[in-house]
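Quick note: the coordinates plus some simple rules give every number you see, no bench work behind them. Remember, it's a predicted structure, so these values are computed and weren't measured experimentally. Heads up, the Cβs are rebuilt from the backbone with ideal geometry, glycines too, and the neighbour counts pull from every protein chain shown.
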Amino acid sequence: MDQHENTPRRIRQLKLPSGRKIEVAYFGTADPDLCELHHCGTCGSDLVHPIDWQPTSKSYWQVTLRCPNCEWCGTGVFSQRTVDRFDAELDRGTDSLLRDLEKLASANMTEDVARFISALDLDLISPDDFRR
Ligand SMILES: [Zn+2]
C-alpha cells in the first residue's frame with residue numbers, strides 16, 4: 001500500500017454546536033489542492049477569510065478560517081499551493097472592496113457637492129456659517 005494513502009490529505013477542525021471540537025481527516029486520492037478555502041462548506045458563502053495562520057512544515061500551513069455569513073469557524077492544514085490560491089482570492093476580494101469603496105466615496109462626494117451647490121443657490125449658506 002502506498003504510504004501516502006495513510007496520510008491525511010487534509011485535516012479540518014470543526015466546532016460542534018455543543019462546543020466540542022472534532023478533527024476531520026480527509027483521506028483518499030482526491031486532489032486536496034482542489035479545495036477552495038474561501039468557499040464555506042456549511043452555507044456556500046465565498047467570503048471565508050483567515051483569522052490565524054502559521055507554517056507547520058516547509059510546504060504546509062495551519063490556517064484558522066471564519067465564515068462571516070454563518071459564523072462557521074475551523075482550522076485545517078493546507079498545502080502551500082492551496083494557500084497561495086486562497087491568498088490570490090483574498091487579493092481579488094480586497095481589490096473588489098476597494099473599488100466598491102471608491103465608488104461609494106465618489107457617490108457620497110457627488111451628493112455632498114450637489115447639496116452644497118443647491119444650498120448656495122438658495123442663499124442658505126452665508127459667510128457666517130464658516131466663522132468660528
Ligand atoms: Zn458559512
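If we count every other residue with Cβ under 12 angstrom of SER106's Cβ, Lys/Arg +1 and Asp/Glu -1, where does the sum land?
-2
List, in order, the whole-Hz ³J(HN,Hα) value for each residue of the stretch 95-103 obtained from phi through the Karplus relation with A = 6.51, B = -1.76, C = 1.60 and θ = phi - 60°; use x for Gly and Pro.
Those phi angles translate into 4, 5, 4, 5, 4, 5, 5, 5, 5 Hz.
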